[in-house]
């Protein structure tokens, strides 16, 4: 009897605690919203569409800039085709291109967003392997994992405290993230706070959407840009023979993939999204355009769009120096699709 009472009391207290915790964070809409997190499960759900895609279909590849800057709903409004969104926040797009080229017969159009450090430097490194884990999950996921993902959807759509990405941000609220920020060192419990703050969320088509707060809050913006400034200063060394070798390896790898894809009738278009000068100055120092981007495009011989060459690509202010807010992303998508149609690279259906 006492055990039964204890169990009931524990359940009641747990329910009350979780309700209070959830209720409080639901009021903090500047940082939190209930959504179906963008993880390997959601990516795999989108990746499965490639298996039945035709030559008329479009695949989006790229890291976070492509994810934030392109809106697939607007894209569909303009072209009457919704792209298969295989962008991956925080991951280099190279492994995903390899998967499409080597493991499918897809021969439609790939729109490949280029962030230089993600495309030309991360080849084969730790981040590359993290991306490969998503691909491995797609091929190896069990029926139990698929069922678990489907069953988790209603809860994640409605509970803020279950919403988190696989990236580590200091404002993640799920239990796994909270535990991962705690470690034991010499018998003492320490909390490790990541400097990375989550700047947005995703819809179920995997479009990344910036929190409105970041668009018009200078204090919040500075919190992000100060972090970028510290990271970028160390992440981008001066262009050197060592960097040239790394870039050459990446270009050669991409050239082989692109040629294979083109030989079976596919088309690939490379997009160099805007970065504000406070960010881009580091890219220019480490990977000058003439030595990297221009050389790359000449080698692969594909249509390309660089933000320095088109007014519509450079007119938007990026609150965090690197990504567009949700409204600007809609305009940018509309302008880009219309430009691609005008240039004959896409067909309006």
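The values are calculated or read from the model by the stated rules, or taken from the named source; none is laboratory data. Note that the coordinates shown come from a computational prediction; the quantities given were computed from them, not determined experimentally. Cβ atoms come from the backbone with ideal geometry, glycine included; neighbour counts cover every protein chain shown.
So for segment 79-92 (the condition being in a helix (DSSP H, G or I) and modelled with pLDDT of 95 or more), does at least one residue qualify?
Yes, segment 79-92 contains a residue that is in a helix (DSSP H, G or I) and modelled with pLDDT of 95 or more.
When the residues of segment 118-156 are filtered to those that are assigned to a loop (DSSP other than H, G, I, E, B) and within 20 Å of the chain's Cα centre (by Cα), which remaining residue is surrounded by the most Cβ atoms within 10 Å (Cβ to Cβ)?
Going through the qualifying residues, I end up with 122.
Mind listing whichever residues of segment 75-86 are crowded, with 20+ Cβ neighbours inside 10 Å, under 14 Å from residue 336 (Cβ atoms) and in contact (Cβ under 8 Å) with a residue 60 or more places away in the chain?
75
Restricting attention to segment 15-62, which residues are part of a helix (DSSP H, G or I), modelled with pLDDT of 70 or more and in contact with a helix residue (DSSP H, G or I) (Cβ under 6 Å, 6 or more places away or on another chain)?
Of everything in segment 15-62, those that are part of a helix (DSSP H, G or I), modelled with pLDDT of 70 or more and in contact with a helix residue (DSSP H, G or I) (Cβ under 6 Å, 6 or more places away or on another chain) turn out to be 40, 41, 43, 44, 47.
Report whether or not residue 345 is at negative phi, in a loop (DSSP other than H, G, I, E, B) and under 23 Å from the mean Cα position of the chain (by Cα).
On the way: at negative phi: yes; in a loop (DSSP other than H, G, I, E, B): yes; under 23 Å from the mean Cα position of the chain (by Cα): no.
Answer is no for this residue.
Here is a check on your reading of the model: is residue 114 farther than 15 Å from residue 89 by Cβ and touching a helix residue (DSSP H, G or I) at 6+ places or on another chain (Cβ under 7 Å)?
no
List pairs: first in segment 248-262 and touching a residue at least 60 places away in the same chain (Cβ under 8 Å), second loosely packed, with under 14 Cβ neighbours inside 10 Å and assigned to a helix (DSSP H, G or I), Cβ under 9 Å, 6+ apart or cross-chain?
257/102; 260/102
Would you check if residue 270 is part of a helix (DSSP H, G or I), at pLDDT 95 or above and touching a strand residue (DSSP E or B) at 6+ places or on another chain (Cβ under 7 Å)?
No.
Just checking, which of 330, 315 is over 19 Å from the mean Cα position of the chain (by Cα), modelled with pLDDT of 95 or more and over 26 Å from residue 247 (Cα atoms)?
Residue meeting the stated conditions: 315.
Any residue at all in segment 301-308 that's in contact with a helix residue (DSSP H, G or I) (Cβ under 8 Å, 6 or more places away or on another chain), in a helix (DSSP H, G or I) and surrounded by fewer than 13 Cβ atoms within 10 Å (Cβ to Cβ)?
The answer is yes; a qualifying residue exists.
Which of the residues spanning segment 265-286 are touching a helix residue (DSSP H, G or I) at 6+ places or on another chain (Cβ under 9 Å), surrounded by fewer than 22 Cβ atoms within 10 Å (Cβ to Cβ) and closer than 17 Å to residue 106 by Cα?
Those that are touching a helix residue (DSSP H, G or I) at 6+ places or on another chain (Cβ under 9 Å), surrounded by fewer than 22 Cβ atoms within 10 Å (Cβ to Cβ) and closer than 17 Å to residue 106 by Cα: 266, 267, 269.
For residue 295, all conditions in the list (1) under 28 Å from residue 50 (Cα atoms); (2) surrounded by 14 or more Cβ atoms within 10 Å (Cβ to Cβ); (3) more than 19 Å from the chain's Cα centre (by Cα) hold save one; what is the number of the exception?
Single failed check for residue 295: (1).
Tell me which residues, restricted to segment 195-234, are within 25 Å of residue 39 (Cβ to Cβ) and loosely packed, with under 15 Cβ neighbours inside 10 Å.
Passing the criteria: 195, 204, 212, 231.
Got a sec? Which of 130, 101, 121 is touching a helix residue (DSSP H, G or I) at 6+ places or on another chain (Cβ under 8 Å) and closer than 27 Å to residue 198 by Cβ?
Every option except 121 fails the conditions.
Just checking, which of 233, 215 is part of a helix (DSSP H, G or I), over 18 Å from the mean Cα position of the chain (by Cα) and within 23 Å of residue 88 (Cα to Cα)?
Selected residue: 215, the only one of 233, 215 that is part of a helix (DSSP H, G or I), over 18 Å from the mean Cα position of the chain (by Cα) and within 23 Å of residue 88 (Cα to Cα).
When segment 93-105 is examined, which residues are found to be assigned to a loop (DSSP other than H, G, I, E, B) and buried (at least 24 other Cβ atoms within 10 Å of the Cβ)?
93
Has segment 332-341 got any residue that is within 17 Å of residue 111 (Cα to Cα), in contact with a helix residue (DSSP H, G or I) (Cβ under 6 Å, 6 or more places away or on another chain) and surrounded by fewer than 17 Cβ atoms within 10 Å (Cβ to Cβ)? Steps first, answer last, please.
In the first step, residues of segment 332-341 are kept if they are within 17 Å of residue 111 (Cα to Cα); the result is 332-341.
Still in the list and also in contact with a helix residue (DSSP H, G or I) (Cβ under 6 Å, 6 or more places away or on another chain): 332-335, 337.
Then drop every residue that is not surrounded by fewer than 17 Cβ atoms within 10 Å (Cβ to Cβ), which leaves 334.
Within segment 332-341, one or more residues are within 17 Å of residue 111 (Cα to Cα), in contact with a helix residue (DSSP H, G or I) (Cβ under 6 Å, 6 or more places away or on another chain) and surrounded by fewer than 17 Cβ atoms within 10 Å (Cβ to Cβ).
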